[in-house]
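**Student:** Following this message is one structure expressed as structure tokens.
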Amino acid sequence: ATPNPWWSNAVVYQIYPRSFQDTNGDGFGDLKGITSRLDYLADLGVDVLWLSPVYKSPQDDNGYDISDYQDIDPLFGTLADMDELLAEAHRRGIKIVMDLVVNHTSDEHAWFQASRDKNDPHADWYWWRPARPGKTPGTPGAEPNQWGSYFGGSAWEYDETRGEYYFHQFSKKQPDLNWENPAVRRAVYDMMNWWLDRGVDGFRMDVITLISKRVDSAGHLPGEPGSEIADGPVGEEGYSNPSPFCADGPRQDEFLAEMRREVFDGRDGFLTVGEAPGITPARNEHITDPANGELDMLFLFEHVDFDCEGVKWKPLPLELPKLKRIMAGYQSAVANVGWASLFTGNHDQPRVVSRWGDDSSEDNRVRSAKALGLMLHMHRGTPYVYQGEELGMTNAHFTRLDQYRDLETLNAYCQRVEEARVQSAESIMAGFAARSRDNSRTPMQWDGSTYAGFTAPDAATEPWIAVNPNHAEINAAAEFDDPDSVYAFYKRLIALRHENATVAAGSWTLIDADDPHVYAFVRELDGERLLTMINLSGRTVDLPAESVALLEGAAGDGDVTDGDGGSVSDAGAAANWVGAMT
Ligand code: TEU
Ligand code: CA
């Protein structure tokens with residue numbers, strides 16, 4: 001068999017630059033801040049840093065609206081700062097992966113501005129469509145179809161200059177690029193090669209599985225006048241959902257294979273990970289099968305979309321058997337070929353210790369953060385640690401709308417409470433407290449000082465978003481030298497991935513699937529079995545049957561060892577060890 005790729009026992013750390021470390025006192029994190037924290041990241045032991053976007057941007061969606069792909073936004077610094085970060089990271093053996101956002105650009109990108117002229121060569125670089133016949137452009141009902149944006153309102157924006165609508169799945173300042181146009185694809189590949197030639201080690205690809213849209217034989221989008229494809233049903237907010245027609249579209253594999261050929265073939269040591277809303281585990285196997293030459297791995301979303309009532313603002317408590325079945329589906333699909341990413345947190349998700357753990361007391365928070373970290377890192381795949389997750393950082397627990405910054409949150413309030421009136425203010429505020437993306441965007445907690453060491457205590461301006469008051473107890477300085485801290489536990493998990501072949505490459509088998517409290521699974525490689533049992537109930541419970549049988553069987557052979565190499569004589573002792581591990 002071909003040797004496992006370098007990333008199959010690597011750990012990636014996601015940095016949200018805006019909230020990581022500010023070095024010039026403007027209340028926003030910056031590139032020099034990341035460089036100043038490389039020794040911390042080297043100590044933690046991570047192999048790769050994924051940076052959320054730092055390119056020129058109006059910051060409408062915090063940098064996921066790019067106006068120049070080949071320059072750094074002054075908010076974060078300069079290209080020279082980026083070159084310094086690359087050099088300093090590489091000196092420490094750490095790779096840098098950048099965020100590639102090419103499903104859409106900013107409306108302030110030169111390409112979009114040029115395309116507003118029907119006679120410009122860029123005229124067909126976006127999805128422009130006329131108003132519906134007989135309707136006054138710019139008035140409700142004149143849009144080409146009824147698609148809604150993920151960030152509220154119609155997915156169509158009328159442009160007076162061009163006299164047509166443009167399509168945007170996200171905000172109206174994020175027009176979708178037309179990937180059907182080979183000139184668009186060429187420009188994207190040229191930009192990607194420019195960054196790789198500059199020393200970048202790969203890309204996390206933003207909603208890359210939305211780039212191929214379903215069109216009929218004449219190029220009509222679903223639901224637009226004359227289209228052979230009907231639009232979907234209108235939902236409670238008054239719009240239809242573009243996802244069935246834009247996720248995992250007809251030319252998805254063609255575009256990804258072309259990108260691989262045009263950008264990555266001939267290079268090595270790189271990493272590509274696609275953000276993949278709408279991709280099933282079976283399609284994950286196809287796309288990550290090296291024989292298909294597409295992507296190394298994907299982020300799937302079923303495990304972070306199931307615990308709500310149809311909309312993320314109506315959260316549900318964790319039903320562990322459901323999570324186990326979803327994760328088992330991910331793992332079994334790529335058991336023989338293909339690969340899995342492993343994440344529970346990122347800049348779009350709430351903090352996992354608040355979502356599925358218990359942040360109501362210091363002891364419960366520490367234990368559940370470790371339990372959730374163990375659960376994730378003992379799976380087969382490449383783990384992604386989101387900044388602050390290694391400290392057990394929690395949700396923001398905001399109570400007022402003015403504390404939020406995220407346009408997804410603010411637009412949802414307007415649309416669901418004030419316009420469509422489908423959710424009460426009280427209900428959606430509880431939904432924001434549990435699931436707003438801002439929960440994971442509060443400043444990184446470095447120490448117990450006024451702004452948590454994120455920015456200087458005497459900074460000219462407050463941080464762009466409030467620091468979590470619990471930074472007094474939860475911060476890197478307090479945890480760094482504490483062997484019982486969440487930080488120390490994550491260091492061990494990361495070291496295990498590097499040192500233990502069973503953890504990195506062993507098979508994965510779920511046991512006790514229906515147990516509502518304990519998440520138990522077995523890793524196996526060349527005869528070594530590694531049993532992980534995690535009690536996520538928050539109270540003492542009996543170990544489930546299959547786990548006990550395995551422990552007693554192994555203990556009887558006298559070959560059960562605990563995590564520190566000691567021998568364990570019986571199931572009870574082994575269970576205690578697992579308890580100790582978590
Ligand atoms: O996220 C796309 C995406 O799936 C999320 O926006 C999700 O739809 C949303 O959080 C509701 O759950 C990527 C980026 O990670 C996100 O930060 C950007 O806002 C978005 O694309 C547009 O670029
Ligand atoms: Ca700054």
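**Student:** Convert each backbone phi in the range 193-205 into a coupling constant with the Karplus relation 6.51 cos²θ - 1.76 cosθ + 1.60 (shift: θ = phi - 60°), then list the ³J(HN,Hα) values in order as whole Hz, x for Gly and Pro.
**Tutor:** Those phi angles translate into 5, 4, 6, 5, 5, 7, x, 5, 9, x, 9, 8, 10 Hz.
**Student:** Do you know the relative contact order of the range 318-474, to the nearest whole percent, from alpha carbon pairs under 8 angstrom that are 6+ apart?
**Tutor:** Computed over the range 318-474, the figure is 23 percent.
**Student:** If each of residue 262 and residue 160 carries a label point 7 Å out from its Cα toward its Cβ, how far apart are those two points in nm?
**Tutor:** That separation, rounded to one decimal, is 3.6 nm.
**Student:** Whose amide H sits under 5 Å from the amide H of residue 339, counting only residues 5 or more places off or on another chain, with H placed in the peptide plane?
**Tutor:** Here 288 satisfy the definition.
**Student:** Report the relative contact order of the chain, percent, no decimals, based on alpha-carbon pairs under 8 angstrom and at least 6 residues apart.
**Tutor:** 13 percent
**Student:** Of 478, 382, 423, which is farthest towards the positive pole of the chain's charge dipole, taken about the Cα centre with +1 and -1 on the beta-carbons of Lys, Arg and Asp, Glu respectively?
**Tutor:** 423
**Student:** Could you report the accessible area of residue 265 in Å², rounded to 10, computed with a 1.4 Å probe on the protein chains as they sit in the structure?
**Tutor:** Only protein atoms counted, so the area is about 100 Å².
**Student:** Next up: How large are Rg and Dmax for the range 31-89 when calculated on the C-alpha trace, in angstrom?
**Tutor:** Cα only, the range 31-89: 12.3, 35 Å (Rg, Dmax).
**Student:** Output wanted: per-residue J couplings in Hz (rounded whole) for the range 71-80, from phi through Karplus 6.51 cos²θ - 1.76 cosθ + 1.60, θ = phi - 60°, x for Gly and Pro.
**Tutor:** 8, 9, 5, x, 4, 9, x, 10, 4, 5
**Student:** Can you work out the accessible area per residue across the chain, with the rest of the protein chains kept in place, probe 1.4 Å, in square angstrom?
**Tutor:** 38 Å²
**Student:** By how many nm would the segment from residue 362 to residue 328 lengthen if fully extended, with 0.36 nm per residue of separation less the alpha-carbon distance?
**Tutor:** Length gained, residue 362 through residue 328: 9.1 nm.
**Student:** Please give the contour-minus-distance gain from residue 218 to residue 319: 0.36 nm per residue of separation, less the Cα-Cα distance, rounded to one decimal in nm.
**Tutor:** 31.8 nm
**Student:** Rg to Rh for the range 257-333: what is it, with Cα atoms only and Rh by Kirkwood?
**Tutor:** We get a ratio of 1.09 for the range 257-333.
**Student:** What size of dipole, in debye to the nearest 20, comes out for the chain about its Cα centre when the only charges are +1 on Lys and Arg C-beta atoms and -1 on Asp and Glu C-beta atoms?
**Tutor:** For the chain, the charge dipole is close to 660 debye.
**Student:** Let me ask you something else. Quick query: amide H of residue 468 versus all other amide H atoms, modeled in the peptide plane; which residues come in under 5 Å with a sequence gap of 5 or more or a different chain?
**Tutor:** Result for residue 468 returns nothing.
**Student:** About its Cα centre, what dipole magnitude does the range 111-269 give when the only charges are +1 on Lys and Arg Cβ and -1 on Asp and Glu Cβ, stated in debye to the nearest 20?
**Tutor:** Dipole magnitude for the range 111-269 comes out near 220 debye.
**Student:** Put +1 on the Cβ of every Lys and Arg and -1 on every Asp and Glu Cβ in the range 109-258; which of 194, 136, 151 then has its Cα farthest towards the positive end of the dipole?
**Tutor:** Farthest towards the positive end: 136.
**Student:** Where a Cα-Cα gap under 29 Å defines reach, which lysines qualify for residue 95, not counting those fewer than 8 residues away within the same chain?
**Tutor:** Partners within reach: 32, 56, 370, 491.
**Student:** Using a simple charge model, +1 on the beta-carbon of Lys and Arg, -1 on the beta-carbon of Asp and Glu, nothing else, what dipole does the range 1-124 show about its Cα centre, in debye to the nearest 20?
**Tutor:** About 480 debye.
**Student:** Mind pulling the angle between the C-alpha long axis of helix 320-333 and the longest principal axis of the chain? Nearest 10 degrees, somewhere in 0 to 90.
**Tutor:** Between helix and principal axis, roughly 80 degrees.
**Student:** Count charges around residue 32 for me, please; just the other residues with Cβ under 11 Å from its Cβ, Lys/Arg as +1, Asp/Glu as -1.
**Tutor:** -4
**Student:** Per Stokes-Einstein, at 4 °C and 1.567 mPa s, what whole-number D in µm² s⁻¹ belongs to the range 372-452, with the Kirkwood radius over Cα pairs as the hydrodynamic radius?
**Tutor:** 88 µm²/s
**Student:** From Cα pairs below 8 angstrom and at least 6 apart in sequence, can you work out the relative contact order of the range 402-535, rounded to a whole percent?
**Tutor:** 13 percent
**Student:** At q = 0.12, 0.14 Å⁻¹, what is the log10 ratio I(q)/I(0) for the range 1-141, with the Debye formula run over Cα points and no solvent?
**Tutor:** Evaluating at q = 0.12, 0.14 Å⁻¹ gives log10 I(q)/I(0) of -0.63, -0.76.
**Student:** How many percent of the accessible area of the chain is carbon or sulfur, using a 1.4 Å probe?
**Tutor:** C and S fraction of accessible area: 49 percent.
**Student:** While we're on this one: For the chain, what is the Kirkwood estimate of the hydrodynamic radius, computed as the reciprocal of the mean inverse distance between distinct Cα atoms, to one decimal in Å?
**Tutor:** 25.1 Å
**Student:** How much length would be gained if the chain were fully extended between residue 234 and residue 541, taking 0.36 nm per residue of separation minus their Cα-Cα distance, in nm to one decimal?
**Tutor:** 105.9 nm is the gain from fully extending residue 234 to residue 541.
**Student:** 5 Å is the cut-off here: which amide hydrogens, built 1.01 Å from N in the peptide plane, fall below it relative to residue 55, excluding neighbours closer than 5 in sequence?
**Tutor:** Placed amide hydrogens put 73 under 5 Å from residue 55.
**Student:** Based on the Kirkwood radius over alpha-carbon pairs, what value in µm²/s does the Stokes-Einstein equation return for the translational diffusion coefficient of the range 135-238 at 20 °C and 1.002 mPa s?
**Tutor:** For the chosen part, D equals 135 µm²/s.
**Student:** Students often check this: by mean Cβ neighbours within 10 Å, which of 209-217, 343-351 ranks highest, and how do the rest follow?
**Tutor:** Going by the mean number of other Cβ atoms within 10 Å, highest first, we get 343-351, 209-217.
**Student:** Oh, and also: Tell me the accessible surface of residue 318 in square angstrom (1.4 angstrom probe, heavy atoms of protein chains only), to the nearest ten.
**Tutor:** 50 Å²
**Student:** Excluding same-chain residues fewer than 8 positions from residue 118, which aspartates and glutamates have a Cα within less than 19 Å of its Cα?
**Tutor:** Cross-link targets: 107, 108, 143, 157, 159, 160, 164, 176, 180.
**Student:** Along the charge dipole of the chain, Cβ charges K/R +1 and D/E -1, which of 112, 456, 36 sits furthest on the positive end?
**Tutor:** So the residue furthest toward the plus end is 112.
**Student:** Once the Cα atoms of helix 545-557 and of the chain are each reduced to a long axis, what angle between those two axes, in degrees from 0 to 90 to the nearest 10, is obtained?
**Tutor:** For helix 545-557, the angle is close to 40 degrees.
**Student:** For the range 228-240, just list the computed ³J(HN,Hα) in residue order, Karplus coefficients 6.51, -1.76 and 1.60, θ = phi - 60°, integers in Hz, with x standing in for Gly and Pro.
**Tutor:** Result, rounded to whole Hz: 7, 10, 7, 6, x, x, 7, x, 5, 8, x, 10, 8.
**Student:** If the reach is capped at under 17 angstrom between alpha carbons, list the aspartates and glutamates near residue 324, excluding any in the same chain fewer than eight residues apart.
**Tutor:** Once the sequence-local aspartates and glutamates are set aside, what remains near residue 324 is 302, 305, 307, 512, 514, 515, 546.
The values are calculated or read from the model by the stated rules, or taken from the named source; none is laboratory data. For clarity, every value in this text was computed on a predicted model and none was experimentally measured. All Cβ positions, glycine included, derive from the backbone under ideal geometry; neighbour counts span all protein chains shown. The area values use the complete protein model at the heavy-atom level, side chains included, leaving out ligands, DNA and RNA. Shrake-Rupley method; radii C 1.70, N 1.55, O 1.52, S 1.80 Å.
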